[in-house]
Amino acid sequence: MAPTNSDIWTQSIMSSKCNDNMRRRFNDEQIKSLENMFETESRPELRTKQQLAKRLGLQPRQVAIWFQNKRARSKSKQLELEYRMLQISYDNLGSKYELLKKEHESLLIQLQRLRKLMEKDENEEIEKDVIKSETEVKQDDFAPEFGLPLCEDSRGIDYLGPESDILDMAQIADGLSEIENEYNFESRTFLHDTGCTSPLWEF
DNA sequence: TTGTGTTTTATTGCCTCC
DNA sequence: GGAGGCAATAAAACACAA
């Protein structure tokens, strides 16, 4: 009658305890063979493990345990690697954010300057209009057929382009502020919320 | 030499699958 | 219910600074 798996297991435990009570590290050749096997198959079948154990002069249980521990070590290293990648990715994102923040600040300053300029021009235009209308009132007294009615909004056409640009800039600035509020880069807590385990990171 | 930290081998207990 | 996997942990072996 052929021995069952549990028979082999028990036998393996008994012999490993009886042969030597001293725990010994595997030699270089054993480690090398086990590593090679692990590269091709991290979860070998029972028969494969038994054959390998026989070849290396180890108990099948020792080989099985070695594979279990190796899988655990491998997983741990992989996690460490993924964590480092994630950290690099986070740092890059932080740098980009800082650049955008500076750009945002300089745009706001630019916007302020342009608004002041606009206010100045508007005041000058109003003064001109007042002077102009006073002059025209006098001219109408002498030659009313040449007088054209002055439209208060006529000057607006000249400012339509630049003004709309400034409005756009203001909207962009407001948008950036919203983003800034939404993603607070002072905190790294969002890292803990990521459930990504993929080893395939793209930068 | 020795204390301490790290790595490796082994055990235990629990879980899932067939 | 047995087999095998995994996580957590123990314990031996090893490395190394003081």
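The figures follow:
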{"read-out": "Gained length - A:Glu29 relative to A:Leu114, 0.36 nm times residue gap less alpha-carbon distance", "value": "22.9 nm"}
{"read-out": "Rough spin-label spacing in nm, given labels placed 7 Å along Cα→Cβ, for A:Arg84 and A:Gln68", "value": "2.9 nm"}
{"read-out": "D (Stokes-Einstein, µm²/s), Kirkwood Cα radius, segment A:20-138, 1.002 mPa s at 20 °C", "value": "99 µm²/s"}
{"read-out": "Coil-residue GluC sites (Glu not before Pro) of segment A:33-130, DSSP, other Cβ within 10 Å capped at 15", "value": "A:Glu41, A:Glu45"}
{"read-out": "Value of D in µm² per second that Stokes-Einstein yields for segment A:52-120, Kirkwood Rh from Cα pairs, at 37 °C (0.692 mPa s)", "value": "189 µm²/s"}
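Values quoted throughout were computed directly from the atomic coordinates according to the rules given, and no laboratory measurement underlies them. Keep in mind that this is a model prediction, so the values were computed, not measured. So basically every Cβ, Gly included, is an ideal-geometry build from the backbone, and we count neighbours across all protein chains shown.
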